[in-house]
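Read through the structure below, which is laid out as structure tokens, and then see the notes.
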Amino acid sequence: MLAPLAIPMTGWIGYNWTFGILSALAIASAVLYFIMFSLYEKEQRSNSTIY
């Protein structure tokens, strides 16, 4: 979704800012992924002890 926008961004705000923004979004998505699956794993462990 961001790839088509990344090329014009280099012209608008420069390479360093574009790289920084894309890096920040990648790190934020990794953190969100980690949190989401940690919560899922926690829920699975709590449900398995009931049975």
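The values are calculated or read from the model by the stated rules, or taken from the named source; none is laboratory data. Predicted, not measured: the structure shown is a model, and the values here were computed from it. All Cβ positions, glycine included, derive from the backbone under ideal geometry; neighbour counts span all protein chains shown. Accessible surface is based on the protein model in full, side chains and every heavy atom, while ligands, DNA and RNA are left aside. Shrake-Rupley method; radii C 1.70, N 1.55, O 1.52, S 1.80 Å.
Modelled with pLDDT under 95 and open to solvent by 80 Å² or more (accessible area, probe 1.4 Å): is that true of residue 33 in this structure? Talk me through it step by step, then tell me what you get.
Values: modelled with pLDDT under 95: no; open to solvent by 80 Å² or more (accessible area, probe 1.4 Å): yes.
When the stated conditions are applied, residue 33 does not pass them.
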Query raised in the report: Based on what the data block shows, is residue 24 surrounded by 10 or more Cβ atoms within 10 Å (Cβ to Cβ) and out of contact with any Ser or Thr (no Cβ under 9 Å at 6 or more places or on another chain)?
Result: yes
